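Right, one structure below, let's go through it.
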Amino acid sequence: VPQGTGRVSGVAPAPTTGAQYQRLRSRGSLARVSVHVLPKVLEYHGDMLADPARVGAFRRAIEARVAPGAVVLDLGGGTGVLSALACRAGARRVYMMEAGPVIDFARELLKANGLAERVVTLHGQSIDSTLPEPIDVIISETIGVAAFDEGILSSVLDARRRFGRPGSPPVVIPGQLAMWAAPVSDPALHERLVGRWGAPLSEATGYDVRTLRARAPHHLYIRRVMREHLVAPGVELARVDLATLAEPFVEGTARFPFERGATVHGLAVWFEAELAPGIVISNAPVLEANEDISQHWSHGFLPLSDGLVVGQGETLELTVQVNGGDLWRWCGGVAGGARFDQCTAFGAPLDQIWSPATKPG
Ligand SMILES: C[S@@+](CC[C@H](N)C(=O)[O-])C[C@H]1O[C@@H](n2cnc3c(N)ncnc32)[C@H](O)[C@@H]1O
């Protein structure tokens with residue numbers, strides 16, 4: 001780090017040597033965080049804060065469900081915005097759990113907003129954290145692009161069980177979370193995510209990457225899917241009530257009749273969340289980027305290993321199983337025709353401990 005004397009008003013002077021800088025960083029949540037992480041964190045949380053549909057719906061749900069004097073858990077608090085809204089709704093105390101380095105920004109913001117006393121911040125995964133008192137409300141905006149991919153099933157279930165008041169289960173925001181899916185035809189996307197691993201990528205090096213052609217299709221990718229690529233209307237596969245869910249396991253089945261024949265390259269998966277009765281948000285694929293819907297969210301994309309031809313008048317069957325947030329299985333096909341059966345467990349070299357005949361679990 002070069003010697004520097006520059007000062008930014010209101011901010012401590014820059015440490016002048018690399019050693020001083022490393023010592024400072026190693027004290028907080030930034031230890032071992034690369035220079036690229038914080039700008040990404042700011043951009044990610046900035047996009048979420050700038051989404052009026054998302055923030056407005058959470059504000060209304062919090063106003064409806066957080067009673068004055070309530071003790072609240074904000075699970076995955078990010079910048080602390082929902083903790084602040086809970087305080088504004090009258091919460092006596094908010095415990096904010098956050099696993100990522102954004103916790104340092106949250107602490108600064110909560111202090112700047114005069115909430116440092118009422119909001120207790122806890123750095124770490126909720127599953128490893130403890131609380132000094134029972135809670136009345138769980139707020140968790142850990143809604144994944146494909147509903148369950150941020151681990152909301154496991155973390156809310158764990159929080160309900162460990163932190164709820166005996167005999168008085170906590171209110172959960174979102175109350176319900178549904179997973180939707182639709183078949184996608186997009187050869188360019190399939191080529192980029194899957195197909196290109198099938199050719200020796202680098203003639204310059206002669207390095208053969210083709211074994212990864214068998215790995216690449218078995219992942220949940222994050223993609224912005226436009227409605228023009230959906231070849232059948234979306235169907236709700238599964239809906240869970242987060243206040244009563246008993247296992248972090250969800251299974252849903254759908255049938256997609258095809259009015260026109262198409263080659264299916266994968267499945268778009270998205271969510272619909274009922275935060276409180278009547279307050280619903282969704283990231284359903286849109287036609288235009290400026291349609292009035294939560295815009296910062298992308299979608300889940302589950303590729304098929306190979307394009308699947310579905311003829312006019314035929315029906316594509318689909319089953320999706322989610323265990324926790326990481327283990328996804330998607331299987332189905334055309335009645336009497338080609339089938340697929342894929343799982344994120346095949347996406348990494350773990351085959352020896354999992355067999356396709358075994359239901360994830
Ligand atoms: C989608 S962001 C939402 C942030 C904030 N609540 C908001 O609404 O702007 C989810 C945050 O939850 C954190 N997170 C996800 N699961 C968590 C868990 N089990 N324990 C602690 N933090 C978690 C992530 O690090 C991320 O910062």
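Just a yes or no: is a residue in the range 84-102 free of Cβ contacts under 8 Å to residues at least 12 places away in the same chain and within 24 Å of the chain's Cα centre (by Cα)? Within the range 84-102, none of the residues are free of Cβ contacts under 8 Å to residues at least 12 places away in the same chain and within 24 Å of the chain's Cα centre (by Cα).
Which of the following residues is in contact with a strand residue (DSSP E or B) (Cβ under 8 Å, 6 or more places away or on another chain), at pLDDT 95 or above and open to solvent by less than 80 Å² (accessible area, probe 1.4 Å): LEU245, LEU193? Checking each option against the conditions leaves just LEU193. Annotation for the range 258-270: no member residue is open to solvent by 60 Å² or more (accessible area, probe 1.4 Å), farther than 19 Å from ARG223 by Cβ and part of a strand (DSSP E or B).
Could you tell me whether ALA50 is modelled with pLDDT of 75 or more, surrounded by 14 or more Cβ atoms within 10 Å (Cβ to Cβ) and of a type in the set (A, V, I, L, M)? Considered against the rule, which asks whether it is modelled with pLDDT of 75 or more, surrounded by 14 or more Cβ atoms within 10 Å (Cβ to Cβ) and of a type in the set (A, V, I, L, M), ALA50 comes out as no. In the range 284-291, the count of residues that are outside any loop (DSSP other than H, G, I, E, B) and out of contact with any Lys or Arg (no Cβ under 6 Å at 6 or more places or on another chain) is zero.
Scanning the range 86-104 for residues that are near the ligand (Cβ under 9 Å from one of its atoms) and in a helix (DSSP H, G or I) gives VAL102, ILE103.
The values are calculated or read from the model by the stated rules, or taken from the named source; none is laboratory data. Only a predicted model underlies this, so the values are computations on that prediction, with no experimental measurement involved. Every residue, glycine as well, gets a Cβ built from its backbone with ideal geometry; the counts of neighbours run over all protein chains shown. In case anyone asks, the SASA skips ligands and DNA or RNA and just uses the protein heavy atoms, side chains included. Shrake-Rupley method; radii C 1.70, N 1.55, O 1.52, S 1.80 Å.
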